[in-house]
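Quick notes on the structure that follows.
Derivation of every value follows stated rules applied to the coordinates shown; laboratory data play no part. All of these numbers come straight from a predicted model, not from anything done at the bench. Quick reminder, even Gly has a Cβ in these numbers, built from the backbone with ideal geometry, and neighbours come from all protein chains shown.
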Amino acid sequence: MASFGAKLQTNAAEIERALEVLLAPGPLSGPGAPPARLVAAMRHGTLNGGKRLRPFLLRETAALCGTARELSLAAGVAVELVHCYSLIHDDLPAMDDDDLRRGRPTVHKAFDEATAILAGDALLTLAFGHMGEHGAADPALRARLVVELAAGAGSGGMVGGQMRDIEGETTRLDETGIARMQAMKTGALIRAAIRMGAILGGAGTDALGHLTAYAEAAGRAFQLADDLLDVTASPDAVGKATGKDAALGKQTLVARLGIDAARRHLGDIVHDAITALTPFGPEADTLREAARYFATRES
């Protein structure tokens with residue numbers, strides 16, 4: 001049986017290949033041909049990097065629910081396109097103002113701010129077009145997947161969480177407020193990915209509920225681990241600037257609790273995620289390993 005690391009690498013390679021094919025002038029054409037500079041910026045912000053964790057979670061959840069991995073590839077690609085768009089926009093000077101992403105210049109540094117905005121817009125649009133056309137054989141199922149992705153990515157999810165994060169730079173949040181902000185900013189897309197996998201796999205109401213509980217805990221674990229890395233890791237290790245949260249006045253649980261208490265809290269969250277998978281038995285071991293990986297990753 002393949003190790004967790006091997007499974008992660010296999011998925012990343014499959015998603016990379018699919019993105020490589022999709023992000024080309026032919027597939028990107030509409031009424032007109034896409035400008036070469038726009039295509040280049042989209043590719044710069046999407047290819048050659050990233051662990052592809054969100055599509056991994058989607059595809060592993062779909063497999064747990066009995067769906068062949070090749071049938072979840074398009075949905076995984078759509079989720080990754082949304083994630084990459086969000087990174088391009090998050091890196092902009094008006095947002096987090098980052099110069100490096102995955103060890104390379106961010107899109108607005110490699111191109112310019114306007115091109116970065118448009119590249120993000122194009123990736124987001126492409127995600128829903130790809131999902132609507134290729135997400136599942138059943139049109140009704142494709143519609144459910146589109147709605148789930150929109151909910152996770154939109155104003156009540158990732159985008160709304162980014163807004164709450166910006167507001168938190170000038171308005172103090174309590175621990176509940178920080179948790180709510182992070183559940184939207186980071187957790188909502190992870191939640192959407194796992195729920196999409198469950199929906200694609202035909203999960204029943206009870207199974208979807210357990211997987212949603214797992215997803216919400218996994219999202220919290222991912223964000224808390226990310227905040228810890230911002231404080232403890234080197235820029236070379238994570239491929240981007242660190243220490244940014246404190247410099248920007250970002251409110252995090254690490255800043256509120258301290259490093260040691262935050263690490264203990266992270267352990268509790270991972271336990272919650274693993275416990276939520278109890279009804280699935282050993283078939284869910286890869287998802288359990290994913291939650292542990294979130295807590296121990298170094299980049």
Equivalent ellipsoid semi-axes - Cα gyration tensor, segment 1-81, angstrom: 27, 14, 9
Those GluC sites (Glu not before Pro) from segment 133-212 that are DSSP loop and have at most 10 other Cβ neighbours within 10 Å turn out to be Glu169
Report, in debye and to the nearest 20, how large the dipole of segment 24-73 comes out about its Cα centre when Lys and Arg carry +1 and Asp and Glu carry -1 on their Cβ. 180
All Cα pairs of segment 1-143, percent lying beyond 24 Å: 32
Given Cβ point charges of +1 (Lys, Arg) and -1 (Asp, Glu) and nothing else, what value in debye, to the nearest 20, does the dipole of segment 4-296 about its Cα centre take? 300
As an exercise, find the ratio Rg/Rh for segment 100-234 from alpha-carbon atoms, using the Kirkwood inverse-distance average for Rh. 1.01
Part-to-part distance (alpha-carbon centres) for segment 1-62 and segment 175-209, which is given in Å: 22
The farthest towards the positive end of the charge dipole of the chain, of the residues Val159, Ile178, Leu73, given +1 on Cβ of Lys and Arg and -1 on Cβ of Asp and Glu, is Leu73
What is the projected area of the convex hull of the Cα atoms of the chain, averaged over all directions, in nm²? 14.8
